[in-house]
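Participant: Have a look at the structure that comes next, please.
The values are calculated or read from the model by the stated rules, or taken from the named source; none is laboratory data. Keep in mind that this is a model prediction, so the values were computed, not measured. A quick note on method: Cβ atoms are made from the backbone with ideal geometry, for glycine too, and the neighbour counts reach across all protein chains shown.
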Amino acid sequence: MSAITEGDVTALTDDADSSGQRAWIITKHLILFAVLILLWELAARAGWADPLMFPAPLGIVKQIWFIYVVQQNVWFHLYTTFAEAMAGLFFGSIMGIGLATAAALSLRFREYIKPYIIVIEATPRIAVGPLFIAWLGFGFSSKVALASLVCFFGPFVNTLTGLLNVDDEAEEMFRSMRATKWQTFWGLRVPNSATILMAGLKLGCSSAFGGALVAEFISANQGMGVLMSRYTYTLNMNGAFATLLSITFFAFLLFKIADVIDYYTVYWRSDSLMQAKSKKRKAAFLKAIAQN
């Protein structure tokens, strides 16, 4: 039976303190949210809030139940928008990370591509939407193209920044060990850029739904943007707010999933994950020695 060391007790205490602080922060946010919703409901019932601008929260909740459970018309539109957003996030991130990697490896390519990237970022997305529809049609492709454009810039800038901002002493150490260009890239630049690269992907996650919705607002016959437009045109503000909250919830959920992936991918930022990784490697090393 192994003895419990002072370090183990300290780690357990730190984890307990961190969990307690996290629970208290979540509790405070929930209390604040409940108070705001209660004030909103009271203002709506008292007639202080314009129902066209701020419908009562209880009416929005009833509409959410209606479109998801009773009528069930939201699922098809939600699937369409989610598919467009995910495809846009995938292609936009692949293009952004790929071009950033090429730009980091080649100074000449970086100088050539820089003005074009600035032009792309300066161009309003909503102005490009009709062009994509004219080029690609009214179907799925034009929506994905616009979502990809929206998701492109965050992964590109963050990846390029992370790959270029390398500690000079660490790079000099790799040179002194006669590491090749590719060994320096994979052993130094990629791990160094992992944190900021994941931040760029999270920015892409938060932008993906926005790009898909803009494309649907311009021209579409299905999707959450279409559903929201229909509710707004008929002055069904409960339905419009219910659709907006649905989009916000799933975009937030996607962001949190990316946040969890970031936490476990860039594990060296967490002491507990680093200790678990070290223990696993130590166990594997001792097992290999015992077998030999």
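Participant: Test each condition in (1) closer than 30 Å to I97 by Cβ; (2) without any contact (Cβ under 8 Å) to a residue 40 or more places away in the chain; (3) crowded, with 18+ Cβ neighbours inside 10 Å for F249 and report the one that comes out false.
Facilitator: (3)
Participant: Considering only residues of segment 80-126 that are within 18 Å of the chain's Cα centre (by Cα) and of a type in the set (F, W, Y), which is farthest from T159 (Cα to Cα)? It would help to see each step written out before you state the result.
Facilitator: First, pick out the residues of segment 80-126 that are within 18 Å of the chain's Cα centre (by Cα): 81-97.
Retained after the next criterion (residues that are of a type in the set (F, W, Y)): 82, 90-91.
Values: F82: 25, F90: 15, F91: 15 Å.
So, considering only residues that are within 18 Å of the chain's Cα centre (by Cα) and of a type in the set (F, W, Y), the one farthest from T159 (Cα to Cα) is F82.
Participant: Taking only segment 31-76 into account, find how many residues are touching a Leu at 6+ places or on another chain (Cβ under 8 Å), farther than 17 Å from T248 by Cα and touching a residue at least 60 places away in the same chain (Cβ under 8 Å).
Facilitator: Of the residues in segment 31-76, 2 are touching a Leu at 6+ places or on another chain (Cβ under 8 Å), farther than 17 Å from T248 by Cα and touching a residue at least 60 places away in the same chain (Cβ under 8 Å).
Participant: Follow-up question, since we're still on this one. Quick one: G204 ticks every box in (1) part of a loop (DSSP other than H, G, I, E, B); (2) within 23 Å of R110 (Cα to Cα); (3) not charged (D, E, K, R) bar one, so which box is it?
Facilitator: Of (1) part of a loop (DSSP other than H, G, I, E, B); (2) within 23 Å of R110 (Cα to Cα); (3) not charged (D, E, K, R), only one is false for G204: (1).
Participant: Return yes when L136 is touching a Phe, Trp or Tyr at 6+ places or on another chain (Cβ under 8 Å) and free of Cβ contacts under 8 Å to residues at least 60 places away in the same chain and no when it is not. Show your work before the answer.
Facilitator: Working: touching a Phe, Trp or Tyr at 6+ places or on another chain (Cβ under 8 Å): no; free of Cβ contacts under 8 Å to residues at least 60 places away in the same chain: yes.
Here the answer is no, as L136 does not meet what is asked.
Participant: Might you check whether a residue that is in contact with a Pro (Cβ under 6 Å, 6 or more places away or on another chain), within 30 Å of Q72 (Cβ to Cβ), assigned to a helix (DSSP H, G or I) and not basic (K, R) occurs anywhere in segment 221-238?
Facilitator: To start, the set of residues in segment 221-238 that are in contact with a Pro (Cβ under 6 Å, 6 or more places away or on another chain) comprises 237-238.
Filter once more, so that each one left must be within 30 Å of Q72 (Cβ to Cβ): 237-238.
Imposing the further condition that a residue be assigned to a helix (DSSP H, G or I) reduces the set to 237-238.
Checking which are not basic (K, R) leaves us with 237-238.
Yes, segment 221-238 has at least one match.
Participant: Among the hydrophobic types (A, V, I, L, M, F, W, C), in contact (Cβ under 8 Å) with a residue 24 or more places away in the chain and within 23 Å of L201 (Cα to Cα), is that true of A122?
Facilitator: Details: among the hydrophobic types (A, V, I, L, M, F, W, C): yes; in contact (Cβ under 8 Å) with a residue 24 or more places away in the chain: no; within 23 Å of L201 (Cα to Cα): yes.
The answer is no for A122.
Participant: In segment 145-160, which residue that is over 13 Å from the mean Cα position of the chain (by Cα) and closer than 13 Å to V128 by Cα is surrounded by the most Cβ atoms within 10 Å (Cβ to Cβ)?
Facilitator: If we take residues in segment 145-160 being over 13 Å from the mean Cα position of the chain (by Cα) and closer than 13 Å to V128 by Cα, then A147 is surrounded by the most Cβ atoms within 10 Å (Cβ to Cβ).
Participant: Out of segment 42-59, which residues are within 20 Å of T243 (Cβ to Cβ) and either touching a strand residue (DSSP E or B) at 6+ places or on another chain (Cβ under 6 Å) or in a helix (DSSP H, G or I) (or both)?
Facilitator: A44, P57, L58, G59, listed by residue number.
Participant: Here is a further query. Got a sec? Which of G96, G59, G88 is touching a helix residue (DSSP H, G or I) at 6+ places or on another chain (Cβ under 9 Å), under 30 Å from A220 (Cβ atoms) and at pLDDT below 90?
Facilitator: Details: G96 fails: at pLDDT below 90; G88 fails: at pLDDT below 90.
The unique qualifying residue is G59.
Participant: Can you pull out the helices (runs of 4 or more DSSP H) entirely within segment 128-184 that have at least 3 residues that are at pLDDT below 85? Before you say what the answer is, go through the steps one by one.
Facilitator: Numbers: elements: 140-164, 168-176, 181-184.
Correct list: 168-176, 181-184.
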